[in-house]
Structure formats: structure tokens, C-alpha cells
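Student: The structure that follows is given in the form of C-alpha cells.
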């Protein structure tokens, strides 16, 4: 069985996250896909470089999944995050949230991405035509 | 007597993202004569590294894969990570 929470240097497949949460008891399935934008804060993005503290990040993702499953009725979550060099249009993060009904599925998916951005030890360096910057820290 | 050797505290330090670039390394092993609080450890790691010291206020610390406060004591065998503001997603 493939893990439902993973960090990978390989391109992400949303289908893997969907497969990890789908079953006959869950009639609502919500997914989130985070994609590298061309523009960021008025600058032209050349590429993003993602780095993770992999052991802690995977553990943090599992903790987010457990918290979501405790907070939202019947919810089940899967999260994959890419690391390495990403070009514009590439997928940085995939999340699938399934629940018996749509409301907890939407809420669990939103919860998962917000918690990921707040607490999981993953970093992105934005390389633009103007220079480079670790996002969150400043130049 | 083995007392001296027994007192040595060996800690692995991991530097990530901006902390890695500013420290100029991604991992190091250090030895302490005695256990130390996280705050004191970070002070020591920032010594002679002004570029790392400049972002000290933004750093969080993880001990054995969990965020800890500055008052936490580090112990022999710990893996300590300097965590700049995270920006996944």
C-alpha cells in the first residue's frame, strides 16, 4: 500500500491521493492542486526551488491528516508535496479529502492546505527575473 | 573512570533553506560538555556566523522532528533542526 502522505522529487500524481482516500462510504471527494504561477507579487517567475526536512515534513503531513480526520466527520485525507526544482505550471502540492458528504470534504481539504502552509517544514525559493528570495523570510 | 567520556553530549544539527545558505552548511555534529537549552545552543551556532545571526529571530527549532521552545534542554543523541519560516504549498 502506498503511503497517503508523501514528499517526492518526482512529479506528483493527483490520482495517487484520490486512490488513497476513496471508498464506498465516502460520497464527497474534494481535491486541491497547487501549481507554480508565472507571476508572483508583480515579478516574473523563472522557477521555484523547494526544500523539505523530509522526515519531519512527512510526519507533519500525517499529523495534519489525523487532525482533519478527528475534526471532520468521516473525513479521510491524503497529501503529496513535491521538492526540487519546479518550472511554471508544474504541480507543487496535491491534496485529496473524502468524506461521507460534501461539507466535511470541502472543509477538510481547506484545513489541510492551510495547516500545511502554516506548519510543515517545507520551503520555497522563488527565482524571478529580478533575483531570488526565500518566501516567508524576505530577501 | 569513564566519567569524562560519559558527560559528552553529541548533537546533530541540521540547517535548512535560508539557514543552510547563511550557515554555509547543511549538517554538522557538535559535542558539548553538558546539556544545554535550545536558546543557548542557537546562540552558540550563530557565533561567528553573522548572516545566520541576522535571521535568528525568525528561526524555530525542532528537536527530534518536533518543534520545541527555547527552554527545552537538548540531550545526547538529539537531532536539532533550525527551521526558517516555512513556505510550502
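Since every read-out is calculated from the coordinates, none of them should be taken as a lab result. Worth saying up front: this structure is predicted, and the values here are computed from it rather than measured. Methodologically, a virtual Cβ is constructed for each residue, glycine included, from the backbone with ideal geometry; neighbour enumeration extends over all protein chains shown.
Student: Quantify how strongly other chains surround peptide B:57-70 by giving the mean number of their Cβ atoms within 10 Å of each of its Cβ atoms.
Tutor: 2
Student: Averaged over A:55-62, how many beta carbons belonging to a partner chain fall within 10 Å of each residue's beta carbon?
Tutor: Neighbouring Cβ atoms belonging to other protein chains average 4 per residue here.
Student: Take residue A:62 and residue B:8, extend 7 Å from each Cα along the Cα→Cβ direction, and tell me the distance between the two endpoints in nm.
Tutor: 3.3
Student: Round to the nearest 10 and give me the degree value, 0 to 90, for the angle of helix A:102-119's Cα axis relative to the longest principal axis of chain A.
Tutor: 40
Student: At R0 = 35 Å, how high is the FRET efficiency between residue A:71 and residue A:39 if r is their beta carbon distance? Nearest 0.05 is fine.
Tutor: Efficiency, rounded to the nearest 0.05: 0.55.
Student: Can you give the FRET efficiency to the nearest 0.05 for residue A:22 and residue A:88, using r as the Cβ-Cβ distance and R₀ = 25 Å?
Tutor: Plugging the Cβ-Cβ distance into 1/(1 + (r/R0)^6) gives 0.25.
Student: Mind checking the log10 I(q)/I(0) for the stretch B:19-89 at q = 0.24 Å⁻¹? Debye, one equal scatterer per Cα, no solvent, two decimals.
Tutor: For the requested q values the scattering log ratios are -1.25.
Student: Sort A:24-35, A:95-106 for me by packing, meaning the mean count of neighbouring Cβ atoms within 10 Å per residue, highest on top.
Tutor: In decreasing order of mean packing, A:24-35, A:95-106 become A:95-106, A:24-35.
Student: When a footprinting reagent is the concern and you count Cβ atoms within 10 Å, what order do A:125, A:117, A:76 take, fewest first?
Tutor: Going from least to most buried by this count: A:117, A:125, A:76.
Student: Continuing with this model, one more query. Between rounded, prolate and oblate, where does the protein assembly as shown land on the alpha carbon gyration tensor, with a ≥ b ≥ c its root eigenvalues, rounded for a/c under 1.5, else prolate if a/b exceeds b/c?
Tutor: oblate
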